[in-house]
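Enquirer: Can you read through this structure? Questions will come right after.
The values are calculated or read from the model by the stated rules, or taken from the named source; none is laboratory data. Values in this document were obtained by computation on a predicted structure and should not be read as measured data. Positions of Cβ are backbone-derived with ideal geometry, glycine not excepted, and every protein chain shown enters the neighbour counts.
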Amino acid sequence: MLNNEEFAILDYIDTYKVVKEPNLAADIDLDPKVLQNLCEKGFIKRIKVSDLQIEPTGEKAATEHRNLLLDKSGRKEDILRYSDQFEQVNVRYKGLVARWQMKDGKVPNDHSDPQYDQAIMKELAQIHGEIKILIGNISQLVPTYPRYYQRFDLALQQINAGNMKYMVVARDSYHNVWFEMHESLLKLSGKQRVE
């Protein structure tokens, strides 16, 4: 059985399969001793100086821990409902990102129209509020989910400050945090990605 720190690390790496240790440390409250222990157990392998890869045993341990969390909570139906709610918001979010990148689906958005961008940012603020509620609900069952609060908030703060790369481009952009949480939630709920 994994503890919360071990699960947070495995869940993160399981999303990407290979990660850079500095990115892992930036996104998770990383204890190097816990990481070393996971490597010694054969759950993670260093493939370069700073690259970490999840091993099949690590994937299995993460899956077993997700199932244990759901079984212990007795609230698997709630997770499935939260996952469905996320998917509904995800449709709107994907549309928002598409509009952020392309105007009318044809012309790249050069961000020279502040009204156009402001309308998208207003919609993002609404989605942000909805996602924070979902994170709160999921966090009652999965103690590693609060990490998404701060990461979404930081990305949104950067966007609101005019640093537009935090919408989609930056490594820790709103879009990349969204992708990570979506993948984690899919693994938790056992659902498949809906395109």
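Enquirer: Pick from LEU52, LEU96, LEU69, LEU80: which is among the hydrophobic types (A, V, I, L, M, F, W, C), under 20 Å from ILE9 (Cβ atoms) and out of contact with any Phe, Trp or Tyr (no Cβ under 9 Å at 6 or more places or on another chain)?
Expert: One residue alone meets the criteria, LEU52.
Enquirer: Out of curiosity, is LEU68 at pLDDT 95 or above, more than 21 Å from VAL168 (Cα to Cα), hydrophobic (A, V, I, L, M, F, W, C) and over 20 Å from the mean Cα position of the chain (by Cα)?
Expert: So LEU68 does not fit the description; no.
Enquirer: Of all residues in segment 137-168 being touching a His at 6+ places or on another chain (Cβ under 8 Å) and not in a helix (DSSP H, G or I), which is surrounded by the fewest Cβ atoms within 10 Å (Cβ to Cβ)?
Expert: Looking at residues that are touching a His at 6+ places or on another chain (Cβ under 8 Å) and not in a helix (DSSP H, G or I), I get VAL168.
Enquirer: Here is a check on your reading of the model: is ASN176 touching a residue at least 24 places away in the same chain (Cβ under 8 Å) and assigned to a helix (DSSP H, G or I)?
Expert: no
Enquirer: Return the pair list, or none, for Cβ contacts closer than 6 Å from residues in segment 77-91 that are in the same structural domain as GLN140 (by TED's automatic domain parsing) to residues that are crowded, with 18+ Cβ neighbours inside 10 Å and of a type in the set (S, T, N, Q), at least 6 apart or on different chains.
Expert: ILE79/SER189; LEU80/SER189; SER83/SER189
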